[in-house]
Amino acid sequence: MAFRFNFSIDEIEHSEAATPDEVDAQRCTPKRKQESTEKSKQTAGTVADSSPRLGAGEGRDETPPEKKFCFKAAKEHKIPEDLNKVLENKVLETLSGLYYVNMSVVEMMCVHGADAEGIVSKSVSSRSDLIPGVYEGGLKIWECTFDLIDYFSEAEIHFANKTVLDLGCGAGLLGIVALRGKAEKVHFQDYNSTVIDEITLPNVVANCINEGSRMGSGDHRKTSKPPLKRPKKAECSPDALTKCRFFSGEWSKVSELLLSSNEPFLKYDIILTSETIYNPDYYSALHDTLAQLLDKNGRVYLASKVLYFGVGGGIYLFEKFIEEKNVFRSSIVKTIDKGLQRCIMEIAFKDSS
Ligand SMILES: C[S@@+](CC[C@H](N)C(=O)[O-])C[C@H]1O[C@@H](n2cnc3c(N)ncnc32)[C@H](O)[C@@H]1O
C-alpha cells in the first residue's frame with residue numbers, strides 16, 4: 001500500500017461511519033484549509049521517505065487556525081500472557097539488526113478484521129498516511145527514526161538504568177533500541193490502538209525473543225535475510241518485557257492517565273520522539289506533555305524533517321514555539337543534508353543541570 005500525505009478535511013468529515021471515539025476526534029479536527037489534495041500528495045513505502053513539498057512559508061495559510069484539540073481517549077494495552085499470540089500471522093523482517101513486522105501483511109490482516117479503529121481502510125480510502133485526529137501515521141516506519149538511531153551511537157547516548165518514553169512510537173524502534181541499551185523501563189505511546197496492538201507490541205516481543213540480534217546503525221538497508229515467516233516460539237526474556245508499558249491515545253490524555261494512576265509515576269529521564277511535529281495544531285499538547293512527563297534533568301531527543309510540506313509543521317516552527325513558551329531550551333544537535341533536510345533536536349528544561 002502506498003501512503004501519502006493528503007489532508008482533505010472534507011473527506012474526513014464525510015468518510016464512512018466512525019466509532020464513538022473517532023467521532024469525537026473528527027469533530028475536533030481543526031477546520032483549517034489545507035493544501036490542495038494534489039499538491040500535498042506524497043508517496044512512501046514501509047520505511048517512509050516522504051519529502052516536504054512546500055517551500056518555507058510557501059503555501060501556508062497565514063490565517064490563524066481555529067484551535068481545537070483532539071481528545072482520543074488514552075488506554076493502557078496490557079501485554080498478553082501468551083506471547084505467541086502477539087506474533088500470530090505476523091511476518092518478521094530485519095533492518096539494522098532490529099526486527100519489525102511486515103506492515104503489508106499487518107494491513108492485510110487489518111482489512112480482514114484486526115483493526116477495530118478501521119484506520120487501514122480509512123487510510124486506503126482517503127489515500128492518505130495521515131488523517132488528523134483519526135490516523136496519525138504509525139503504520140509505517142518514518143525515516144527520521146533512523147537518523148535518531150544513528151545519533152544515539154554518534155553522541156554515545158546511554159540508556160542503561162534510564163526511564164525512557166518512545167512518544168508517537170509507531171513501530172517502536174527507538175524504544176526497542178533503548179530497551180537493548182538496558183534501559184530500566186521503556187514506555188511506548190501511539191495515537192492509534194491498532195498500531196500498538198498490531199505493530200508496536202509485536203515488534204517489541206519479536207526483538208525480545210530473537211536474542212542475538214543487536215542494535216545496529218549506519219546502513220539501514222534491509223538485510224538480505226528472507227523474512228522470518230514463522231517467528232520463533234516466544235522465549236522472551238521476561239525481564240525485558242516487564243520493563244515495558246504500552247499506551248494509545250492523544251498526548252494530553254495519555255499524560256493525564258499516567259499522572260493520575262495509583263501507581264507512583266517516575267518522570268522520564270529520556271523522551272524519544274520522531275516525526276511528531278508535522279502538525280502545528282498539536283504543538284501545545286506535545287509541549288505540555290513533554291513538560292509534564294520529563295524529569296527535571298531529563299532530555300528529549302526529537303527527530304524531524306525541517307519542513308513538512310502540505311501540513312505546515314517543521315523544526316524551526318517548533319523551535320520558535322518552544323522559545324515562546326519559555327519552559328525549555330532547545331538546540332539542534334545534528335543536521336542531515338541528504339535529500340530533504342532533517343534535524344535532531346535536544347530539549348531540556350531551562351533550569352536543568
Ligand atoms: C508520522 S508518525 C511517526 C511514527 C514513528 N515515530 C516513526 O518515526 O516512524 C507520528 C506519530 O506521532 C503520534 N502522534 C501524532 N500526533 C499525535 C497526537 N496529537 N497525540 C498522540 N499521538 C500523536 C502518532 O501516533 C504517530 O505514531
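The values are calculated or read from the model by the stated rules, or taken from the named source; none is laboratory data. Predicted model, so just to flag it, every value in this text is computed and none were measured. Please note: Cβ atoms are built from the backbone with ideal geometry, for glycine as well, and neighbour counts cover all protein chains shown. We work out accessible area using only protein heavy atoms, side chains counted, and drop any ligands, DNA or RNA first. Shrake-Rupley method; radii C 1.70, N 1.55, O 1.52, S 1.80 Å.
See the values below:
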quantity	calculated
Neighbours by Cβ (under 6 Å, 6+ apart or cross-chain): first from the range 132-143, open to solvent by 10 Å² or more (accessible area, probe 1.4 Å); second within 8 Å of the ligand (Cβ to nearest atom) and part of a strand (DSSP E or B)	Trp142/Ala48; Glu143/Ala48
Matching residues in the range 130-143 - criterion: being in contact with a Gly (Cβ under 8 Å, 6 or more places away or on another chain), within 8 Å of the ligand (Cβ to nearest atom) and in a loop (DSSP other than H, G, I, E, B)	Leu130, Glu136, Gly137, Gly138, Lys140
Residues being exposed (fewer than 15 other Cβ atoms within 10 Å of the Cβ) and out of contact with any helix residue (DSSP H, G or I) (no Cβ under 9 Å at 6 or more places or on another chain) - total across the range 305-330	5
Number of positions in the range 246-303 that are away from the ligand (no atom under 14 Å from the Cβ) and touching a Leu at 6+ places or on another chain (Cβ under 7 Å)	3
Contacts under 7 angstrom Cβ, first residue in the range 117-131 being closer than 21 Å to Ala74 by Cα, partner among the charged types (D, E, K, R) and part of a loop (DSSP other than H, G, I, E, B), 6 or more apart	Leu130/Glu136
Val120 being under 30 Å from Asn297 (Cβ atoms) and either outside any strand (DSSP E or B) or within 16 Å of the ligand (Cβ to nearest atom) (or both)	no
Looking only at the range 144-171, and only at residues there that are without any contact (Cβ under 8 Å) to a residue 60 or more places away in the chain and more than 8 Å from the ligand (Cβ to nearest atom), the one that is farthest from Lys296 (Cα to Cα)	Glu156
Among (1) on the phi > 0 side of the Ramachandran plot; (2) out of contact with any helix residue (DSSP H, G or I) (no Cβ under 7 Å at 6 or more places or on another chain) - the single one Val124 does not satisfy	(1)
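To keep it simple, each residue is scored yes or no on (1) out of contact with any helix residue (DSSP H, G or I) (no Cβ under 7 Å at 6 or more places or on another chain); (2) of a type in the set (Gly, Ala, Ser); (3) touching a residue at least 24 places away in the same chain (Cβ under 8 Å).
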| site | (1), (2), (3) |
| --- | --- |
| Arg245 | yes, no, yes |
| Ser261 | yes, yes, no |
| Asn279 | yes, no, yes |
| Asp288 | no, no, yes |
